[in-house]
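Report on one structure; see the data block that follows.
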Amino acid sequence: MDGQQQANKAHRGGSNKTTAKKKLHQNGQNIKAFAVSAPRKLERMARRTHDVNEKKLHVPMVDRTPDDDPPPVIVAVVGPPGTGKTTLIKSLIRRLTKTSLTEVKGPITVVSGKRRRLTFLECNNDLNSMIDVAKIADLVLLLIDGNYGLEMETMEFLNIAQHHGMPRVLGVATHLDLFKSQSTLRTSKKRLKHRFWTEVYQGAKLFYLSGVINGRYPDREILNLSRFISVMKFRPLKWRNEHPYLLADRITDLTHPQLIADNPKCDRKVAIYGYLHGTPLPSQDAHIHIAGVGDYHVQAVEKLPDPCPTPYFEQKLEELERERAKAAAEAGEPLAKTTRRRKRLEDKQKIIYAPMSDVGGVLVDKDAVYIDIGKESFNREDNEEDMGEGEKLVTDLQEVSKTMQERLEEGPGLQLFSSSKAVHNVNDESEEEEEEGGLLSDLEDDDEVKQNTGRKSLRKARVYGKALNEDDEFDNELSDDEDVVEEQPDMVEVDFGNDRYKENELEFVEDDILSSDDENDYAAAASRLRGSNGRKRWDINKLLYMPNVSPLDAIKRWKGEEDDDEEEEDIEQDDDDFFQKKDVQESSEDLDTLRPKYPSLEELKARFSSEDSDEEYESGYKILKSRLLTAPKMNDDEEQKDEEGDDDEEVYGDFEDLEAEGEDSEQQEDEDEDEEKDEDDFADFEAEEQKEGDSDAEVNDENLSVEEKRKLNAAKKAKLKMQFEEEEYGEDPEGDNEAETWYEFQKNKMAKQLEINKAEFEQLDQATRLKIEGFRAGSYVKLVFNNLPCEFVENFQPEYPIVLGGLLATESRFGIMNVRIRRHRWHKKILKSQDPLILSLGWRRFQTLPIYTTSDSRTRNRMLKYTPEHAYCFASFYGPLVAPNTTFVGFNIVDSRSTTGAFRVAATGIVEDLNSSVEIVKKLKLVGYPYKIFRNTAFVKDMFTNALEVAKFEGAQIRTVSGIRGEIKRALSKPDGHFRATFEDKVLMSDTIFLKTWYPVKVKKFYNPVTSLLLGQHNEWKGMRLTGQVRADANIATPMNNDSAYKKVERSERRFNALKVPKSIRENLPFKSQIHEMKPQKKKTYLSKRAVVLGGDEKKARDLMQKIATVRKEKETKRKTKKDEKFREKLKTIAKKEELRKEKERERKKDYFAKEGKKRGSSEGGQAKRRRT
């Protein structure tokens, strides 16, 4: 053992086999530990997120609205009568302009922000007005009576708006103060919200207005609504983005009075005023459709000063005035006297513009000033005794012969009021206290209006289906957030961060503050407005310690004895706080209102002159001269600033760049840099080629071979092609950080093209640009029309909107249009072909005669007598052409007198193609009768009238009623219209022969425009009526045609002979088709041969047995009837017992499970306690 070595097994190394545990840790961590716990749920969430993001995307569309001065946003207030439309407009106008309107008529334009204006428009309960408003409104405030829900007028307007480009919709629920119980109010709000979401879209905003106080809605609720309106963004709609349109806010009759005196019914020359929207309007011979009047060409277009300018626009004008003043000071010219804009005193004239509502009463045109005196004609001699204050003021103005200076110097002075003394000299400080009381006197006295708390009882409504208070869908269901509060109604409160501001101070917050993304603290906004309700009262403790105010000025400010200039600056400074942040400088003067004063050239020379004038002083004087005494150039690009520049200007104040121009070299470098920036990242190919040419000149020696030169040229071309593709198509969308998707790439491409167009137009002069581009959107224009009907002026009512829509070249032509149409599912009656239908297509409303068709296997367009029940069909009608894919709405009636409780929108559809040669055919069955029959041939009559018609249908397929097919052969010579036909079998004389044909139908060229604005009552326009309606209105009986009367059809029963099959054919028939007949029996049977004669007794016995059987049978019938009755009673008793047994069993189970549930609950509770311990 010692000498021998122990033989051990060789060590077996670890296996390199990767086990399941090793696989989990291959990447350094346990895969299962970091895996998704619910992959299906994650997939669903990712898919839903992707779907939500995709739904947000729209087809990229170019927004042609100008950024610098956009047109006012049209806010339409729509709702059934009695829902509070006028009250809402008055409340919003009061909130935005501090003006109380007495009546709401026509459009009302107000300033709601630094760059935004709103035009409020009330839509009355007229179908024509609803159609026009749906075509132009940017935002719709849909008023809903909270007691009824969505009424018929609301549903009609929503369906009209959906097919004319759906605008933004905000729901406003009113009359909520009529709910007595808070739980009922909460349930009604939830029911109304879900119903509103169903009709508009999920998550649509719905505001609640609780009641009316002093004739207006509560200030807090109106404040929230106005803030939401001020920050809304609007997406361009397709039709409006391709057409210019205008909402008229004023019309003037320019016809010569002599022409009207000669002929009161003569055509009128009318001027229509309004803001342009959409695309630019052509400057010459624009074709316009006036909704409710007709198509007309514009005689003249003129751009007028904006009657309601935005503060941003006014600020730009002031900047231009300051630049002109600098240029004048630099040139040594006398300073032009600039008009001071005392915005506070001009608020009532500039911040609201409503000519039809008689706000202000003074209208300024280019060539005249119109003063409304409320009468058609005025004669001073006749009305001198009973003239009012306003009329006396106007007549005194007309008789003024002296200027103001002459009246003060020579006499009789200036008398402001009839009870005051005449003023003979000017005293700047005499009317400080009067002005203080007069600035806001109208606003403070408005609270003393008579108490108007709104409606006390429910109104009568035209409801579709169930009213809201009858619906019980959400009676037993309340949301979690609404169960908490039961004592007070739900109101949206805005937290301002601190409570030291009063309500009347917060009402003056400018809505523009909400539009900035970086300002969400409304307390900061309210702090800017402190002291804006009246004159500023200086605190003497603060004034004494102000370093920039002298003691004399401090005493003057404390006593209120300031100069007029300082007062103007204070007023303007306070008003600028609406739209700008506070200046960083602690300066008492505002740069916006500061009139620049520069020392003369001699003073500057004297200051910088020295005894030893060396080069250092000379160069310093040159630099100072170049920087301070040269006005910076005015570029058009400075007017178009981006948002970042505006934000910096608001933060740091409105400073002027005094170092804009340096030496010539610096100026040249700056201009080169600006040019590079303005090139919009496009490569300058000429410069590149020149640089490459210079570099190639060194290489391009004679030593290069031909192949090397070719390679060099190919490289040049490839480089230029790459640059061109980058500029034309942009970079790869997948690899570009700025445009990660195709959608963003298309948006960037459109924005770049807009910038190119803008730069090109800015290079043109004003006249050339106006001729090429036209009048841009946002311009306030005056359109002059010739030969308008006199009824348009005589029957003008400001409550009905006047919409002017521009027509493209195609839309001025007429033709046949093919559309896809469907009867509305809520319309009660189906539509019949060639019945008049009123269509709202494009800007126009007209009546036409459509023919409904369907496609038969794509071979023919077959006419339909009626529209299908729940499907689309095609239609063809005559009218003005519009572009394909334009949607339209159809109506049977539009007048209010014919309106019933039914839904008035009859059909909806979309234009497919236009002016195409479509052939519409309808079925025509010709009937004939055979009068001579041969074997397989027959002569037919009464189908045609002459041989020519027969010749046209030779070879046509015909058929009998019994199904025998045939063919028309030739016309017969003698009876005209008779023909010979062959059949596959012999026909009978009683057969009727049919010929199925297709008859072409032509579309009737009928176009009747809806001219509702030419009537005395605009809502009573009636078009062409059906014959039955005319007879019913005139009480004319329908004429009776004897052939059309229904008669009793008497058909004699026909007897057909038995089928006789010849023996030869019968023998060859297969077994299944063989005719099995019994052979007649030749021998007589036993019964037929036997004659049974009954005897006397046997006859009596049979008679007796028959009577007994009859009696027994009658007894059995009675017994069986009685037994059935007893059995039915027994079944009823058994059913009652079974019902009682089931009821007892149900009660027993209920008690049992109740006891078991309590036991189980107590046992589980005990176990839980034991687990806790």
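Candidates in the stretch 179-222 are the residues that are of a type in the set (A, V, I, L, M) and over 17 Å from V78 (Cβ atoms); of these, the one that is most open to solvent (accessible area, probe 1.4 Å) is I213. The residue list V927, V905 contains one member that is under 26 Å from Y866 (Cα atoms) and open to solvent by 40 Å² or more (accessible area, probe 1.4 Å), which is V927.
Yes/no matrix, rows are residues, columns are (1) of a type in the set (A, V, I, L, M, F, W, C); (2) touching a residue at least 60 places away in the same chain (Cβ under 8 Å); (3) in a helix (DSSP H, G or I):
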{"residue": "F761", "(1), (2), (3)": "yes, no, yes"}
{"residue": "K782", "(1), (2), (3)": "no, yes, no"}
{"residue": "N786", "(1), (2), (3)": "no, yes, no"}
{"residue": "F792", "(1), (2), (3)": "yes, yes, yes"}
{"residue": "F796", "(1), (2), (3)": "yes, yes, no"}
{"residue": "E799", "(1), (2), (3)": "no, yes, no"}
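Among the residues of the stretch 22-54, just one is open to solvent by 100 Å² or more (accessible area, probe 1.4 Å), at pLDDT 70 or above and not in a helix (DSSP H, G or I), namely S37.
Residue check: is S812 crowded, with 20+ Cβ neighbours inside 10 Å, among the polar types (S, T, N, Q) and touching a residue at least 60 places away in the same chain (Cβ under 8 Å)? Taking the combined requirement at face value, the residue does not satisfy it. Just one of the listed residues (A76, A161) is buried (at least 24 other Cβ atoms within 10 Å of the Cβ), of a type in the set (A, V, I, L, M), on the phi < 0 side of the Ramachandran plot and in contact with a Leu (Cβ under 6 Å, 6 or more places away or on another chain), and it is A76.
With the structure loaded, tell me whether K829 is open to solvent by 90 Å² or more (accessible area, probe 1.4 Å) and at pLDDT 90 or above or whether it fails that test. Here the answer is yes, as K829 does meet what is asked. Taking Y296 as the residue in question, decide whether it is in a strand (DSSP E or B) and open to solvent by 40 Å² or more (accessible area, probe 1.4 Å). Here the answer is yes, as Y296 does meet what is asked.
The residue that is farthest from the chain's Cα centre (by Cα), among those in the stretch 83-121 that are closer than 17 Å to G171 by Cβ and open to solvent by 10 Å² or more (accessible area, probe 1.4 Å), is T87. Contact map, the stretch 932-947: first residue within 17 Å of F994 (Cα to Cα), second residue of a type in the set (G, A, S), Cβ cut-off under 6 Å, separation 6 or more or different chains; pairs are A938/A981; V940/G928; V940/A981; D942/G928; M943/G928; F944/G977; T945/G977.
The set of residues in the stretch 167-178 being open to solvent by 40 Å² or more (accessible area, probe 1.4 Å) and either at pLDDT below 90 or at positive phi (or both) consists of D177 alone. Out of T992, T982, one residue alone is in contact with a Phe, Trp or Tyr (Cβ under 8 Å, 6 or more places away or on another chain) and open to solvent by less than 80 Å² (accessible area, probe 1.4 Å). It is T992. Applying the condition of being buried (at least 16 other Cβ atoms within 10 Å of the Cβ), part of a strand (DSSP E or B) and not hydrophobic (A, V, I, L, M, F, W, C) to the stretch 832-861 and asking which residue is nearest to the chain's Cα centre (by Cα) yields S840.
In summary, M152 fulfils each of the numbered conditions (1) buried (at least 22 other Cβ atoms within 10 Å of the Cβ); (2) touching a strand residue (DSSP E or B) at 6+ places or on another chain (Cβ under 9 Å); (3) not basic (K, R) with the single exception of condition (1).
The values are calculated or read from the model by the stated rules, or taken from the named source; none is laboratory data. As the structure is a prediction and not an experimental result, all values here were calculated from the model. Cβ sites come from the backbone with ideal geometry, for glycine too, and all protein chains shown count toward neighbours. Accessible surface is based on the protein model in full, side chains and every heavy atom, while ligands, DNA and RNA are left aside. Shrake-Rupley method; radii C 1.70, N 1.55, O 1.52, S 1.80 Å.
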